[in-house]
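The values are calculated or read from the model by the stated rules, or taken from the named source; none is laboratory data. These numbers were taken from a predicted model, which means no experiment stands behind them. Glycine gets a Cβ as well: all are built from the backbone with ideal geometry, and neighbour counts include every protein chain shown.
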Amino acid sequence: MGPRLRHLLELCPKESPVADVGSGHGRLALELARLMPGATVYATEAKPGPARELRRLLGESSPVTVLEGEGLAPLRGRGCRGAVIAGMGGHTIRSILEHDLDVAAELAWICVQPMQDWDQLEAWLERQGLWSMDIQLSWERSRPYRTIRLFAS
Ligand SMILES: C[S@@+](CC[C@H](N)C(=O)[O-])C[C@H]1O[C@@H](n2cnc3c(N)ncnc32)[C@H](O)[C@@H]1O
């Protein structure tokens, strides 16, 4: 993992069940599982192809459970305590949260790390009034990344 994901990992509360939404390569989910042996860690992908690749990358004996489905939908009914949504644009992150706002509102915390359009995302998050926000900066190849931690208020 590079500095962006390492910093994100540090900022995640080490509580489970936890889901890495749009996990891609699955490295963050795998590190969360390593830091919390025995914990329930989900890694999600929206589409069958990326979900298959994620399963392949994690391997059969992985402690991470891969779920397939759009955004927060696969988390419904699973009693997740927290979720991470990283590596997507601010508009995509907003639409993921907005589409299943009831699922988002049941989480104790959410860590989001938008690749761009963070200012519009932050304004929208504030307008919801559902969370207290904590914003941290990390750098990778001279580029700043904002990690926004949302705690249920
Ligand atoms: C650039 S990768 C980021 C991977 C990892 N989260 C990171 O930060 O390095 C974005 C991933 O999000 C997935 N994705 C995009 N929209 C999604 C959605 N609505 N629900 C679930 N996954 C989504 C993509 O398939 C892709 O694997």
Item to complete: Quick one: in segment 18-52, of everything that is small (G, A, S), free of Cβ contacts under 8 Å to residues at least 60 places away in the same chain and surrounded by 15 or more Cβ atoms within 10 Å (Cβ to Cβ), which residue is farthest from the ligand (Cβ to nearest atom)?
Response: A39
Fill in: Among (1) in a helix (DSSP H, G or I); (2) within 8 Å of the ligand (Cβ to nearest atom); (3) aliphatic (A, V, I, L, M) - the single one V84 does not satisfy
(1)
Response to the item:
If you go through E60, E15, the only one that is at pLDDT below 95 and away from the ligand (no atom under 12 Å from the Cβ) is E60
Practice prompt. Say whether the condition of being closer than 16 Å to L107 by Cβ and not in a loop (DSSP other than H, G, I, E, B) is met by at least one residue in segment 63-72.
Written response: yes
